[in-house]
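The structure appears right after this line, and notes come after that.
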Amino acid sequence: MSIIFHQARIINPAQNLDTTGSIRISDSGRIETIVTGNDPLPPQDTDRVIDMNGKLLVPGLFDMHCHFREPGQEYKETLETGSRAAVAGGFTGVALMPNTKPVIDNPQGVAYIRQTAMELPIDIEVISAMTKESRGETLAPFGKLFASGVKAVSDDGTAIQNSQIMRLAFEYAANFNLLFIQHCEDTSLTSGGVMNEGEYSAMMGLKGIPDVAEAITLSRDLLLIDYLRKHKLSPPLTAPRYHVAHISTRSALDLVRKARKEGMAITCEVTPHHFTLTEEALFKAEHKGNFIMKPPLCSLDNHAAILEAIVDGTIDAIATDHAPHAEHEKQCPPDQASFGIIGLETAVGLTFSELVHTGRISVNRAIEMLSVNPRRIMDIEPVLFEPQRAANFTLIDPDATWTWKSEHIKSKAKNSPFIGRTMKGKAIGICHKGKLLGLD
């Protein structure tokens, strides 16, 4: 049975495509026909016709920063439950961070994730650790990891503090064109910190995390890359591609802008919770555990800088940093709460509510940040809308008003500050791997 998506707004920034039209998908999950304009595709007797009525049909969303906790912490999330959350949020692919137990720092760990994920409805990319066990002391075997198909490395949750180790990592990676995804944090400044350092942390009596800790590590890394570009790395070797995870401060964004002007290959992402909330939300919250994350919810000034950087294009991608935790790890005093929140199921709603419907960015820019750019940064083949291509779509109702409730959550965890929040804009289904999922 073929499926016809009738009268959709078809958007694909990778092809400069934004038009009204219809698409027929074969029973094998491939695009058969695309027509633009108002003329319908004539259905056959066995076809299923889905009238989109102008709703969005876009390239499948891709989240380049997720934690599914398997192996080792399946009580928080598994590959299966994380995938269910991804589908509910409209994502057809994710990249998983390596800070599992054990840490994914070798080809065997990569193979485990891939084998376990084979039957899941979404694509999964594995990000390996930069250093063994993410301890920041001994480099992971980049060559073997690259040979096993790894495209990116990260010690997410921490950063390599030793500058010599970081330098060696950059030089080693130059042989394989690996993407560095850096959690920028000077831990000598942040150790024991719970929330952004400032007026609210003082009023709450909580140890603060100074926002300069992000820019200090980023500045160090950029200085190292610049040095290596000038003194060590020359064709055929080139300086590595560098990506700033969950960027959250004005000073770090300014460093990104400066580095780009100097010709460095640097990109960055932002989370929906950082462009939506500030430290004041934590201060006012009755249950504070679900407002504790790293980087912490920021000041009004840094929040304004994030919105400016989304608008001017400094920030390339939206990534959720989906970080599930068990109830007891969040329903506790804030200085004992685990860092992080779930985010896959609310990403589209928050992006459209806070950025698109406020006029800050266009729908096309939103899809670029949620789908096209994450794949480009990760060096993943783009999703194209062409005959004979495998269908990889996300369906979005940009005007759907909905309230996210605890009973709606598909993740195994429920640690979110957005439970009970009403949003405008919702993912209503995906079409991927020959299956249509989520659409009622």
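Largest first, the three principal axis extents of the alpha carbons in region 1-141 are 62, 31, 23 Å in whole numbers. Amide H to amide H, with H built 1.01 Å from N, Phe68 comes under 5 Å of Met97, counting only residues 5 or more places away or on other chains.
Considering only C-alpha atoms, what is the centroid distance from region 354-385 to region 133-186, in Å? Cα centroid of region 354-385 versus Cα centroid of region 133-186: 26 Å apart. Each peptide in 226-234, 409-417 receives the mean, over its residues, of other Cβ atoms within 10 Å, and ordering these scores from highest gives 409-417, 226-234. For the chain, averaging the sequence separation of C-alpha pairs within contact (under 8 Å, six or more residues apart) and dividing by the residue count gives a relative contact order of 20 percent. Among Ser201, Ser371, Ser148, the largest mean-square fluctuation in a Gaussian network model of the chain, built with springs joining Cα atoms closer than 10 Å, belongs to Ser148. For the chain, the equivalent ellipsoid derived from the alpha-carbon gyration tensor has semi-axes of 34, 26, 21 Å in decreasing order.
Here region 13-85 exposes an accessible surface that is 41 percent carbon and sulfur, computed with a 1.4 Å probe and the other protein chains kept in place. Surface composition of region 250-311: carbon plus sulfur atoms hold 57% of the accessible area, using a 1.4 angstrom probe and ignoring ligands, DNA and RNA. Rounded to whole numbers, the Karplus 3J(HN,Hα) couplings from phi for region 199-209 are 4, 5, 5, 5, 5, 8, x, 10, 5, x, 10 Hz, using 6.51 cos²θ - 1.76 cosθ + 1.60 with θ = phi - 60°, and x at Gly and Pro.
Output the antiparallel fraction of DSSP beta bridges having both residues in region 22-126, as a percent to the nearest 5. That works out to approximately 35 percent antiparallel.
Rolling a 1.4 angstrom probe over the protein heavy atoms with all chains in place gives region 114-198 an accessible area of 40 Å² per residue. Distance between the 7 Å Cα→Cβ label points at Met118 and Thr36: 4.1 nm. In angstrom, the C-alpha Rg and Dmax of region 319-440 are 16.3, 55.
Share of carbon and sulfur in the accessible area of region 186-241 stands at 56%, probe radius 1.4 Å.
For trypsin sites (Lys or Arg not before Pro), the sites in region 135-202 that DSSP calls loop and that have at most 16 other Cβ atoms within 10 Å are Arg135.
Legend: residue pairs Lys144/Lys330; Lys101/Lys207; Lys261/Lys426; Lys144/Lys410; Lys101/Lys433, Cα-Cα distance threshold 32 Å; pairs beyond threshold, Lys144/Lys330; Lys261/Lys426; Lys144/Lys410. With the largest listed first and rounded to whole Å, the semi-axes of the equivalent ellipsoid of region 279-321 from the Cα gyration tensor are 23, 13, 7. Each DSSP beta bridge with both residues in the chain is either parallel or antiparallel, and the antiparallel ones are about 50%. Heavy-atom accessible surface of region 340-422, averaged per residue, reaches 37 Å², computed with a 1.4 Å probe. Relative contact order of region 225-273, taken over Cα pairs closer than 8 Å and 6 or more residues apart, is 40 percent.
Amide hydrogen proximity for Cys268: with H placed 1.01 Å from N in the peptide plane, the residues at 5 or more positions away or on another chain lying under 5 Å are Val244, Asp316, Ala317.
Close amide H contacts of Ile209 (hydrogens built in the peptide plane, cut-off under 5 Å, sequence separation of 5 or more or a different chain): Val194, Met195, Asn196, Glu197.
The values are calculated or read from the model by the stated rules, or taken from the named source; none is laboratory data. Everything quoted here is computed from the prediction, not taken from an experiment. Note that we place each Cβ from the backbone using ideal geometry, even for glycine, and neighbour counts take in every protein chain shown. Protein only, heavy atoms only, side chains kept; ligands, DNA and RNA dropped before computing areas. Shrake-Rupley method; radii C 1.70, N 1.55, O 1.52, S 1.80 Å.
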